[in-house]
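Heads up: the structure comes next, in structure tokens.
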Amino acid sequence: MNAIHVSEMRRCRVSTSHRPRFLRFAWLLAFLALGAAPAWTQTDLTGFWVFRVPTGDGNFRETFFELKQDGEAITGKVVFGSREVAITDGSFKNGTLEFVVTYGTAPQARRVVYQGTPQGEKIALTSEAPGRNPIKGTAERTKPEAALPPPRLPLPDLHDVPDNGLARTPPMGWNSWNKFAGKIDDATVRSIADAMVSSGMKQAGYAYVNIDDTWEGPRDAQGNITSNLKFPDMKALADYVHSKGLKIGIYSSPGPKTCAGYEGSYGHEEQDAKTFAAWGIDYLKYDWCSASRIYKNDEMQGVYQKMGDALRKTGRPIVYSLCQYGIGDVWKWGTGVGGNLWRTTGDISDNWKALQTIGFRQLAIASYTKAGHWNDPDMLEIGNGGMTVDEYRTHMSLWALLAAPLLAGNDLRSMSEETKSVLTNSEVIAIDQDLDAKPVERISGGEGTAVVVVRHLHDGSVAVGLFNRADQPQEISVQLEGLGLAGKKLVARDLWRHTDIPLSGNSYQALVASHGVALLRIR
Ligand code: GLA
């Protein structure tokens, strides 16, 4: 029961003198019971709360709760960035508040248990999720408006943003998210840049060192975005990366908040593009995230065009990477908003199921990829430990055949020789970077476990991938007549075994490992 209820009772008492005696007595009993009851029984948690947790880099992560208390039962919802999730299993018993929120959907669902003790108008709260350290903070009462996104800004009329002439072959580099997520900082980026050179990755063609989410700090008094404590000087960091002969990328969102809840570029598109250019940034990944709270999916084009124009206006060559998970067939309009690449899927993760689901689905839209404007099935997981080397070779081969951006997502400072050999296989990279950028075609496989794809290359040769999605090894064959090379004396180069195989007859057959690939270049 909150303060208002108690004061109403006091008013009651003042006005009881003319009431029947038994009513006065009933009131007295209630008052005594209440006085004897522990303080928590008088607490009503109903209302809006904000849970502010320091992120350790100078920012706070804000999660909003709308709690409804009915006796010991707690219901309501949690608002985090663009997500609103219903509370389950909520209770307030013996002074302890507890409720559960499940973020995402199976199999990637994350069940977070919140537990707290109300103290006056605050709740000392802990959130716990499997595999993570408990997070402690304080929830305070707030107004429902605090959880609302800022008002909608009008969108520009649509027009074609001129091609910036960049990324004539699929961008190659590294991105911090898959391995480091929020644990990325200046020192790590510098050491990754060093490793990019010393490991031979730079030599193999990897050029961009891309900082993903969680570099952002608050805006200054003029509205300029700043970097947070993990990145004390972005310009100096960019200079360092450039001094290694590499390029540097950064990340933002068209929404007010990024996916990790950091400051986005909403309403500051031109200003942020200018800041990025002044820092010396060469690549921007622009992630939809909380823009979904302001704009509808069918308005994405205008939203992305805004930043496309802003980047162009800076006069600095900046690769523009759209990240909106493939919504609205982005491959049909990504070029028009100035995009050099666009994510075609949700987030990849380091396991075979995710890899094969994302990877083979790309074949259907391969014809939309072209020089300067690439389908992006997400960053590489090679070397992150969740897959076998056969699976990682499949990852690299499929991405190369798809002409996908090759953005390594592992820790380049400590990768094994095996990982390095997969990432730096120059013959496979040459398929990815082929100047003709002709679309890969599936010639057999459909929904089956043996998938054969081909891609015609600039020098007249043909890349052929024989993929085995089955859980056992299997023989997979390809008919040579269908390759447009018939009648000639054919030699196949096995791009993983690094051997030449003379071909005779009408077909070639290989025993392919489970989840593995035979990748050939036939001349
Ligand atoms: C989204 C993107 C990821 C990564 C994270 C960062 O999930 O799809 O690639 O950028 O946001 O928060």
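Here are some notes:
- The C-beta contact set for segment 252-270 (first residue under 14 Å from F80 (Cα atoms), second residue within 14 Å of the ligand (Cβ to nearest atom) and hydrophobic (A, V, I, L, M, F, W, C), distance under 6 angstrom, 6+ apart or interchain) comprises G255/C289; G255/A291; T258/C289; C259/C289.
- Among the residues making up segment 269-292, those that are surrounded by fewer than 24 Cβ atoms within 10 Å (Cβ to Cβ) and more than 14 Å from the ligand (Cβ to nearest atom) are E269, E270, Q271, K274, T275, A277, A278, W279, G280.
- Residues of segment 343-357 satisfying the condition of being part of a loop (DSSP other than H, G, I, E, B), crowded, with 17+ Cβ neighbours inside 10 Å and without any contact (Cβ under 8 Å) to a residue 40 or more places away in the chain: T344, T345
- Under the condition of being surrounded by fewer than 24 Cβ atoms within 10 Å (Cβ to Cβ) and either over 15 Å from K353 (Cα atoms) or among the hydroxyl-bearing types (S, T, Y) (or both), the residues counted in segment 370-382 number 4.
- Filtered residues of segment 293-326 (kept if within 15 Å of the chain's Cα centre (by Cα) and either surrounded by 19 or more Cβ atoms within 10 Å (Cβ to Cβ) or away from the ligand (no atom under 16 Å from the Cβ) (or both)): S321, L322, C323, Q324, G326
Conditions tested, residue by residue: (1) in contact with a strand residue (DSSP E or B) (Cβ under 7 Å, 6 or more places away or on another chain); (2) touching a residue at least 60 places away in the same chain (Cβ under 8 Å); (3) loosely packed, with under 14 Cβ neighbours inside 10 Å; (4) of a type in the set (D, E).
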| position | (1), (2), (3), (4) |
| --- | --- |
| E441 | yes, yes, no, yes |
| S444 | yes, no, no, no |
| E447 | no, no, yes, yes |
| L457 | yes, yes, no, no |
| S461 | yes, yes, no, no |
| N468 | yes, no, no, no |
| Q474 | yes, no, no, no |
| R497 | no, no, yes, no |
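- Within the set K179, K247, the sole residue that is closer than 30 Å to M300 by Cα, within 16 Å of the ligand (Cβ to nearest atom) and charged (D, E, K, R) turns out to be K179.
Matching residues to (1) more than 16 Å from the ligand (Cβ to nearest atom); (2) farther than 23 Å from A236 by Cβ; (3) in a strand (DSSP E or B):
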residue: H159; (1), (2), (3): yes, yes, no
residue: P170; (1), (2), (3): yes, yes, no
residue: W174; (1), (2), (3): no, no, yes
residue: K183; (1), (2), (3): no, no, no
residue: I192; (1), (2), (3): yes, no, no
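- Filter pass, F64 being in contact with a Ser or Thr (Cβ under 9 Å, 6 or more places away or on another chain), within 27 Å of I294 (Cβ to Cβ) and among the aromatic types (F, W, Y): yes
- Residue within segment 210-218 that is in contact (Cβ under 8 Å) with a residue 40 or more places away in the chain and away from the ligand (no atom under 13 Å from the Cβ) present: yes
- Residue match in segment 130-142 (condition: within 16 Å of the ligand (Cβ to nearest atom) and either among the aromatic types (F, W, Y) or within 30 Å of V78 (Cβ to Cβ) (or both)): yes
- For first residues located in segment 148-174 and closer than 30 Å to V50 by Cα and surrounded by 11 or more Cβ atoms within 10 Å (Cβ to Cβ), partners that are modelled with pLDDT under 95 and charged (D, E, K, R) and lie 6+ apart or on another chain with Cβ distances below 9 Å form the pairs L148/R293; P149/K257; P149/R293.
The values are calculated or read from the model by the stated rules, or taken from the named source; none is laboratory data. None of the values given here were measured: they were computed from a predicted structure. Every residue, glycine among them, receives a Cβ derived from its backbone with ideal geometry; neighbour counts consider all protein chains shown.
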